[in-house]
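Single-structure report; data block below.
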Amino acid sequence: MKYIVTEKIKVAQIIDDFEDDSAGAVVIFNGTVRKRSLGKEVAHLFYEAAESMAGKMMQQYLDEAKEKWQLTSVIALHRIGEVTVGESAVFVLTSSPHRKEAYEANRYIIEKIKHELPLWKCEYFTDGEKKWGGNCSCQELTGDANVHIYE
């Protein structure tokens with residue numbers, strides 16, 4: 001399966017097509033491009049990735065989560081290229097017999113993606129400025145690359 005994609009992530013289609021009769025819980029994280037970031041209006045984002053490495057790492061995250069939380073299904077996609085406001089940049093679906101495991105696994109996967117995946121983001125603002133950074137932008141808010149707001 002390809003985890004790093006260039007085409008639009010069709011969230012509704014993925015959900016409509018999803019079937020897992022052994023799951024009692026399905027948790028979805030859909031990370032979309034927000035209209036404002038760092039106090040500015042966003043025009044769009046542009047993502048680049050070390051695709052081969054990122055794909056292998058995503059597979060590892062999913063395998064680890066599936067084993068640790070006994071997931072019945074797991075899906076994760078991250079888009080590269082231009083992503084406009086309101087569109088999905090990253091999508092994670094986890095399912096398990098019970099909600100606790102599905103929630104914990106979903107959080108584990110998105111945090112690994114945000115903080116470890118070899119992926120770079122450029123924010124293009126409506127005022128013409130742009131800012132490159134890693135997938136994790138916590139340092140902009142915390143002032144320390146080792147302190148994350150998600151923890």
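The numbers here are math on the coordinates, done by the rules we state, and not lab data. Computed from a predicted structure; not experimentally measured. Counting neighbours? That spans all protein chains shown, and the Cβs are built from the backbone with ideal geometry, glycine included.
General observations
- Rounded to 10°, Cα long-axis angle of helix 99-116 versus longest principal axis of the chain: 40
- Full-stretch length increase - residue 142, residue 21 - with 0.36 nm per residue and alpha-carbon distance subtracted: 39.3 nm
- Between residue 98 and residue 67, the FRET efficiency estimated from the beta carbon spacing at R0 = 22 angstrom works out to 0.85.
- Model label points for residue 82 and residue 44, set 7 angstrom from Cα along the Cα-to-Cβ axis, are 0.3 nm apart.
- MRE, 222 nm, helices only [DSSP H, n ≥ 4, -39500 (n - 2.57), over the chain, to nearest 500]: -10000 deg cm²/dmol
- For residue 40, the lysines whose Cα falls under 20 Å of its own Cα, not counting residues fewer than eight places away in the same chain, are 121, 130, 131.
- Stretchable slack from residue 127 to residue 59, in nm (0.36 nm times residue separation minus alpha-carbon distance): 20.7 nm
- Computed log₁₀ I(q)/I(0) - Debye formula, equal Cα scatterers, no solvent, the chain, q 0.19, 0.21 Å⁻¹: -1.20, -1.37
- Between 0 and 90°, nearest 10: helix 51-68 axis offset from the chain longest Cα axis: 40
- Residue 111 versus residue 12: modelled label distance in nm, points set 7 Å from Cα along the beta carbon direction: 3.3
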